[in-house]
Amino acid sequence: LLNNKNSVQGRVQLTDTVALVKGNTSIGQAEEKNNSAMAERRFVLRPNQWIDISPFEQIGLFESSQYHAQPQDDILVIAPPEKSLYIRHRKQGDKLVTSQGRQKVKKIMIDKKVPLDQRDKIWLVSDDEGTVYWVVGLKKSDLSHHLVNANIHYVIAHRSK
């Protein structure tokens, strides 16, 4: 792993709880955390409410008429949701629908050069069926192409505090 010049990132499991991690800019030791507990965390996005997803950021679903934008907000405009929407971390096999088809969330993170140790911390917006609408901070879905026909628009907003 260390001698491979073609691999900028990688991981070698040394024991059950310790791994050698090679990142874009550093080499170090990582202790395993309970990633399954993190992967299972999800919050329901309820209309016109903010959810604190960390001490430094929040996300919310708003009718466009109820949303008050701030300059630091990153938003995704969608048609009225037919299913419940959730904010959660990635799961194996997640795909984002784009105009070119479906793209694996893993591939999006590789293309955006997200370090291995940060990938399980990225938030996704999805529905009950696992359709991913947004890899927050990285890429948005093209699922809102029929907004022209919708009377009411909704905004999913990600805000840094």
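Any read-out appearing in this document is the output of simple, stated calculations on the displayed coordinates, not a laboratory observation. Predicted model only: the values in this text are computed from it and were never measured. Neighbour counts are summed over all protein chains in view; Cβ atoms, including those assigned to glycine, are modelled from backbone coordinates with ideal geometry.
Based on the reciprocal of the average 1/r between different C-alpha atoms, the Kirkwood radius for segment 60-161 equals 14.3 Å.
The lysines within cross-link reach of residue 113, meaning a Cα-to-Cα straight distance under 27 Å and a gap of 8 or more places when in the same chain, are 5, 22, 33, 91, 95, 104, 121, 139, 140, 161.
Gyration tensor analysis over the Cα atoms of segment 42-92 returns equivalent ellipsoid semi-axes of 18, 16, 10 Å (largest first, whole Å). May I ask which residue of 50, 66, 77 lies farthest towards the positive end of the charge dipole of segment 49-108, with charges of +1 (Lys, Arg) and -1 (Asp, Glu) on Cβ and the Cα centre as origin? Going by the charge dipole, the pick is 77.
Sorting 72-83, 121-132 by their mean Cβ neighbour count within 10 Å, with the most densely packed peptide first, gives 121-132, 72-83.
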